[in-house]
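Where a number appears in this text, it was derived from the coordinates with a stated rule and is not lab data. The model shown is predicted, which means the values in this text are computed figures rather than measured ones.
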Amino acid sequence: MAFWHRRRLLAAAAAGVGGATLLTGGGRAGRAQTVVAPPGSTVVITPPPAAASATGRNVADTLAADGRFGRFLDLLSRAGMVEELRGAGPFTVLAPTDAAVQGAPSAMLQDLVGTPGSGDSAGGGDRDPVRLRALVQYHVIPGLPYGAALPAAGEHRLRTLNGNEVHVRSSGGEDVAVSNPAPGLQSAGFGAAGANVMPAARLAGPAIPASNGVIWPLTGVLFP
């Protein structure tokens, strides 16, 4: 019975794409999707990772389970953003990897989180919670401007949760760069004397789906 059910799925999918064969990753028949393709061609659609869809983790818990974003999660926690990212969303999170945070200007980050051992249990005294939250919110885009996919080739400006915009440049696929389009000129920005003029952060791997959004792993920290 399963065999004939599978054949009906394949036939329906082929009819939906003008005679093309619709396959998911691994060559299995998948859920019908709207695809335009030449007759007789094969369309391969990669499904979201099974672990993410099976567990139904939200953005914050997906970051924690991945293992590459511990430092960014620490910044989210200090800024009081973890529970917000467990909410309904949806969110597109531009998440610097641990290597990205480690490679960011340490003096700028230290100014935000405070000096260790100076009396603040959350990470030190002389913290700047307002700018820390602005930094973290600059890595969160409300909504899903590209769905669970990556942007098509082109250039786009997207408004983040802190009110400022990021510039997204894509050559197609995982060749995506994200940067601050106007360092020092945006209303919720910071970084005196151009200290926040940084090279564009690039995508560090495929987008990661979550139950309430999607995560883009980045090679750099974005400074507003």
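Tell me, what HN-Hα J-couplings in whole Hz come from the Karplus equation 6.51 cos²θ - 1.76 cosθ + 1.60 at θ = phi - 60° for each residue of the stretch 141-155, using x for Gly and Pro?
Ordered by residue, 3J(HN,Hα) equals 9, x, x, 10, x, 10, x, 8, 8, 8, x, 5, 4, x, 10 Hz.
In nm, what is the difference between 0.36 nm times the number of residues separating L144 and V130 and their Cα-Cα distance?
In short, 2.5 nm is gained.
Amide H to amide H under 5 Å from G220: which residues, 5+ apart in sequence or cross-chain, H placed 1.01 Å off N in plane?
T97, R202
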